[in-house]
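Right, one structure below, let's go through it.
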Amino acid sequence: MKVLFATCAALPAGDGDDDALVDALADVGVHASWTAWGTPVEADLVVLRSTWDYPERLPEFLAWCDSEPTLVNPASVVRWNVDKTYLVGLADAGVPVVPTAVAKPGFTDWPDGEFVVKPTVGAGSRGALRVTAGDHETAAAHLATLDVPALVQPYQANVDAVGETAMVFLGGQYSHAFTKGAMLTADAEFDESGLYVVERLSGAAPSAAQRRVAEDVMDAAAALTGLRRNDFLYARVDLVPGADGSPLLLELELVEPSLGFRQTDATAPLRFASAVRAALSRR
Ligand SMILES: Nc1ncnc2c1ncn2[C@@H]1O[C@H](COP(=O)(O)OP(=O)(O)O)[C@@H](O)[C@H]1O
Ligand SMILES: [Mg+2]
């Protein structure tokens, strides 16, 4: 059985986080190798990984996803998840989400305190701007540089102290978690490819409240996409503490999340390999 990991041309073998997956898959009889997305490929499974240059080439990316019948997560999921306005749908489904406004030209309903203006389609923190309370001029100027609509959210200041908690699900089941330090800070730096802000990561043990919200997010995402949870080969639920400390969803990553394999123990790649085998057996 042959699996291809899809990446971007700037990172021909991924960013290193997935290195252990190739051996873990080989152990269970699956040959995995890397390919840059864009041209048609053939494999029993094409797994999206570090395709981080797609926001600039979105129509091309979506067309390529549509043309790959063995893509995971599937193209329909990609289409739903590349646009962060899915957050509004999840909030409507009852999931606790960071308050999210969809800003069109002429938007004036800025939050009261510090806030964030960021693209609906984005990755690697690119295009996200943290704005000082009341600085509507800077916010409007940034909004004008983004494709509209864009997203406006109150800045969740607890992130500065505790970061965000990324909870990884493999084959629909919880696997592990890691913490990502605040990204919109003065000392943030891009990696040499320019595709993502360098992240400060460490392992994490989520609280019961975080685990419950993450499970609810997974259920709601399955309902909204008309799939079963195990149709998601991988998912990452990013939670931040709200003003009162309770977990809020910042992002549900079903396209190209880093899965933090270097921040957790060696059994996570084995679970990934098993989830791949399960996905292959359902075909
Ligand atoms: N409302 C917010 N409050 C606090 N931090 C935020 C907020 N929105 C974004 N950030 C910071 O910016 C980073 C990137 O934003 P995110 O929505 O995760 O987009 P992406 O990771 O797809 O670029 C987050 O990891 C977080 O550190
Ligand atoms: Mg993010």
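Observations on the model:
- Lone qualifier among ALA273, ALA268, ALA243, ALA235 - being within 15 Å of ligand 1 (Cβ to nearest atom) and farther than 26 Å from LEU62 by Cβ: ALA243
- Comparison of ALA182, ALA188 shows that the only residue that is touching a strand residue (DSSP E or B) at 6+ places or on another chain (Cβ under 6 Å), modelled with pLDDT under 95 and over 24 Å from ASN73 (Cβ atoms) is ALA188.
- Taking the criterion of being more than 16 Å from the chain's Cα centre (by Cα), touching a residue at least 12 places away in the same chain (Cβ under 8 Å) and away from ligand 2 (no atom under 13 Å from the Cβ), the only residue of region 177-187 that qualifies is THR185.
- Qualifying residue in region 61-72 (condition: surrounded by 14 or more Cβ atoms within 10 Å (Cβ to Cβ), away from ligand 1 (no atom under 14 Å from the Cβ) and closer than 24 Å to MET183 by Cβ): yes
- Hey, ASP135 free of Cβ contacts under 8 Å to residues at least 40 places away in the same chain, more than 26 Å from LEU48 (Cα to Cα) and surrounded by fewer than 19 Cβ atoms within 10 Å (Cβ to Cβ) or not: yes
- Number of residues in region 54-83 that are of a type in the set (Asp, Glu) and not in a loop (DSSP other than H, G, I, E, B) equals 3.
- Being more than 16 Å from ligand 2 (Cβ to nearest atom) and either surrounded by fewer than 21 Cβ atoms within 10 Å (Cβ to Cβ) or not small (Gly, Ala, Ser) (or both) holds for only one residue in GLY122, GLY89, and it is GLY89.
- Just one of the listed residues (VAL22, VAL72, VAL46) is under 20 Å from the mean Cα position of the chain (by Cα), farther than 20 Å from GLY124 by Cα, free of Cβ contacts under 8 Å to residues at least 60 places away in the same chain and not assigned by TED's automatic domain parsing to the domain that holds GLU164, and it is VAL46.
Okay, residues lined up against (1) among the aliphatic types (A, V, I, L, M); (2) away from ligand 2 (no atom under 13 Å from the Cβ); (3) farther than 26 Å from ALA20 by Cα; (4) buried (at least 19 other Cβ atoms within 10 Å of the Cβ):
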{"site": "ASP191", "(1), (2), (3), (4)": "no, yes, no, no"}
{"site": "ALA214", "(1), (2), (3), (4)": "yes, yes, no, yes"}
{"site": "LEU227", "(1), (2), (3), (4)": "yes, yes, yes, no"}
{"site": "ASP231", "(1), (2), (3), (4)": "no, yes, no, no"}
{"site": "VAL237", "(1), (2), (3), (4)": "yes, no, no, yes"}
{"site": "LEU248", "(1), (2), (3), (4)": "yes, yes, yes, yes"}
{"site": "LEU252", "(1), (2), (3), (4)": "yes, no, no, yes"}
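The values are calculated or read from the model by the stated rules, or taken from the named source; none is laboratory data. Here the structure is a predicted model, which means the values were calculated and not measured. Please note: Cβ atoms are built from the backbone with ideal geometry, for glycine as well, and neighbour counts cover all protein chains shown.
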